[in-house]
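Undergrad: The structure under discussion is supplied below as structure tokens; questions concerning it will follow.
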Amino acid sequence: MKRVLFSALFAVILCANLSAQTVHVINFCNTLDPEIGCDVDNLRTIQEAGMIAAMLDYGISFYCFEGEECSKENLMNTINSLSCEKDDIILFYYSGHGTRSQLDKSEFPQMCLKYQGYEQDKFVAAHTVIDMLQEKGARFTLVMTDCCNNTVAGVSSKTLMSKDGGAIEDDEMIKRNYRKLFLENKGWLAVTSSKKGQTSGGGKEIGGVFSYVFFETALYSATHGEIPATWNDVLKATSDMLAAVTARPNKNPQAPYYEVHLTPILTAPQPVIPVLPVIAVDAFFANDLSSLLDSSHSTEWRIEQADWLANKYFTSDAKVATVGRNGTTIIEYESAPDFLRRIAASNLIAKLNVIKETTDSSGKRNYIKVQEIRKTK
């Protein structure tokens, strides 16, 4: 069984223009076990989802639950209440402990939601999520579970219910590759970190090994190459790299299992409504930061707005780390007022992706981590 770590509650937060085509991000991270790095998995998924939405010119909605909120009840309520348009995208991600029954017919594991011991009433079959999300009518659905898939005695079968480090550029080649994967296919894809009978590796530094390989190596390579890649390319690269990592001495063998049910679509949908250039979990924060990148306002007005936003949202000693594509390499480290003034005065920043925030007792931010997507010259 596997996974978790994260202390603060994300809850359900919507961001950007949801009347536009939307990426619906459903994150459940069982962070009650502090040893296996689910805080890293959670941040990585938010970061990658923001990148996908930015490259597709889509709006984004976040439904993020961790710790005590990573519950079966919240999972069912979130999926049941989810409303999608025909060109929307659903990204479901679970990081936590996982298991399976000897009687399970599905190749996918059971997710041990809110796991604090042997509490089977909180387990949900991953295939339940697959079936339920298929009924939402989205253009593309990706279901990912990073958890163990080994059989544990006494676990009952669950019935299926109702159904690199540099700055990022707003590059047309990269956007083309993202569109090929997420918009030029219709259907669903589900992948879990290990085949039945196997455990899944993870740790505090990189989170789940599968998630690290999938997002930071395989998907990155697929979206940054001159020749557009397919999902089969991404999955094969993930399998090959995971096999190489787990082939080392003292490592348990681990191979992902996936099912692909996609039909190629020749014509991808075009954005119908402009979306905010800033992606953040807090929609109000995203909206206000977006005003700093709005060229319809004068530079003088944007700089005055930056000073006002510094006082509204940040503590006096707040810091901002601007990181590269890998989410860790720091390109800039500056005070909040300096950061806000810099982006207000710049004409080179196309979009911002806020991937981490911490606040003090007053609710003001004392630290944020951002990625800048820069215009190509």
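The values are calculated or read from the model by the stated rules, or taken from the named source; none is laboratory data. Because the structure is predicted, anything quoted here is derived from the model rather than measured. All Cβ positions, glycine included, derive from the backbone under ideal geometry; neighbour counts span all protein chains shown. All accessible areas refer to the heavy atoms of the entire protein, side chains included, with ligands and DNA or RNA removed. Shrake-Rupley method; radii C 1.70, N 1.55, O 1.52, S 1.80 Å.
Undergrad: Given the residues Asp121, Asp104, Asp87, which is the only one that is assigned to a loop (DSSP other than H, G, I, E, B) and over 30 Å from Lys351 (Cα atoms)?
TA: None of the others qualify; the one that does is Asp104.
Undergrad: Next up: Is it fair to say Ser346 is open to solvent by 60 Å² or more (accessible area, probe 1.4 Å), of a type in the set (Gly, Ala, Ser) and out of contact with any Phe, Trp or Tyr (no Cβ under 9 Å at 6 or more places or on another chain)?
TA: Taking the combined requirement at face value, the residue does not satisfy it.
Undergrad: So in the range 106-130, with the set limited to residues that are surrounded by fewer than 17 Cβ atoms within 10 Å (Cβ to Cβ) and either modelled with pLDDT under 85 or under 16 Å from Ile79 (Cα atoms) (or both), which one is nearest to the chain's Cα centre (by Cα)?
TA: Out of the qualifying residues, it is Gln116.
Undergrad: Strands (runs of 3 or more DSSP E) wholly in the range 279-377 with at least 1 residues that are out of contact with any strand residue (DSSP E or B) (no Cβ under 6 Å at 6 or more places or on another chain) - which ones?
TA: 314-323, 330-335
Undergrad: Also, quick follow-up: Going through the range 134-151 one residue at a time, which ones are part of a loop (DSSP other than H, G, I, E, B) and under 15 Å from Lys195 (Cα atoms)?
TA: Cys147, Cys148, Asn149, Asn150
Undergrad: Give the residue that is most open to solvent (accessible area, probe 1.4 Å), with candidates limited to residues of the range 46-67 that are closer than 21 Å to Met111 by Cα and assigned to a strand (DSSP E or B).
TA: Tyr63
Undergrad: Checking Val272 against (1) in contact with a Ser or Thr (Cβ under 7 Å, 6 or more places away or on another chain); (2) under 16 Å from Ala54 (Cα atoms); (3) open to solvent by 50 Å² or more (accessible area, probe 1.4 Å), only one condition comes out false. Which one?
TA: Every condition holds for Val272 apart from (1).
Undergrad: Another one. Collect the residues in the range 226-264 that are part of a loop (DSSP other than H, G, I, E, B), open to solvent by 20 Å² or more (accessible area, probe 1.4 Å) and within 19 Å of Glu48 (Cβ to Cβ), keeping them in residue-number order.
TA: Across the range 226-264, the qualifying residues are Pro228, Thr230.
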